[in-house]
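Report on the following structure.
The values are calculated or read from the model by the stated rules, or taken from the named source; none is laboratory data. Quick caveat: nothing in here was measured; it's all calculated off a predicted structure. Virtual Cβ from ideal backbone geometry, glycine too; neighbours counted across all protein chains shown. Areas reflect the complete protein model, heavy atoms only, side chains present, ligands, DNA and RNA absent. Shrake-Rupley method; radii C 1.70, N 1.55, O 1.52, S 1.80 Å.
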Amino acid sequence: MKKTILLLTFVLASFYGYAQDALYGVRAGYNISNLDFDPSVPAGVANAHRNGFAIGFFGEYSLTDAFSFAPEVQFSAEGAKDQELRINYIQVPLFFKYKIDSDLSVGLGPQAALKGHSYEDGLRNLGFSVLGGLEYLITDEFFIDFRYSYGLSNVLDDNDAGLEAKNTNMQIGFGVKF
């Protein structure tokens with residue numbers, strides 16, 4: 001019994017020590033997104049960029065003094081300006097950050113997205129992309145960031161048409177770390 005209590009105490013102390021390097025927060029962003037068609041934009045489709053927003057929450061866990069892992073959950077309005085090409089996502093970015101100095105960090109990682117509206121509209125319900133960005137700390141709590149994501153998966157559901165469209169998105173954000 002003493003060994004079990006000692007082991008449990010050690011495990012709880014380890015979690016407490018690891019949690020000291022954890023930050024949590026919220027962020028909101030302004031999106032400028034579009035679809036990258038291959039081989040070309042179909043006739044009759046106005047592929048103009050869409051302005052939207054993103055809002056979500058995150059955790060940031062220090063792995064070393066310079067590296068951290070920051071998973072998020074966010075809502076993001078993306079796609080193109082045409083009503084049929086607007087896609088609202090619930091996204092899970094998994095951001096790996098490298099701290100360049102005390103105020104500036106750069107990040108890279110994968111992102112999974114689940115479409116957050118009608119499911120039989122000719123657009124895929126699940127998408128994957130790669131994400132890169134910069135973050136600047138204004139104070140210890142407030143930061144601004146810039147992110148760019150490029151879709152790895154076709155957002156169009158119909159594979160027979162020989163047409164691919166991948167989502168691209170630039171996001172300018174503001175956040176608070178607690």
> Here is a list of conditions, (1) under 17 Å from residue 34 (Cα atoms); (2) open to solvent by 10 Å² or more (accessible area, probe 1.4 Å); (3) touching a helix residue (DSSP H, G or I) at 6+ places or on another chain (Cβ under 8 Å), and residue 79 meets all of them except one; can you say which number that is?
Replying inline: (2)
> When the stretch 113-139 is examined, which residues are found to be buried (at least 17 other Cβ atoms within 10 Å of the Cβ) and within 16 Å of residue 60 (Cβ to Cβ)?
Replying inline: 131, 133, 135, 137
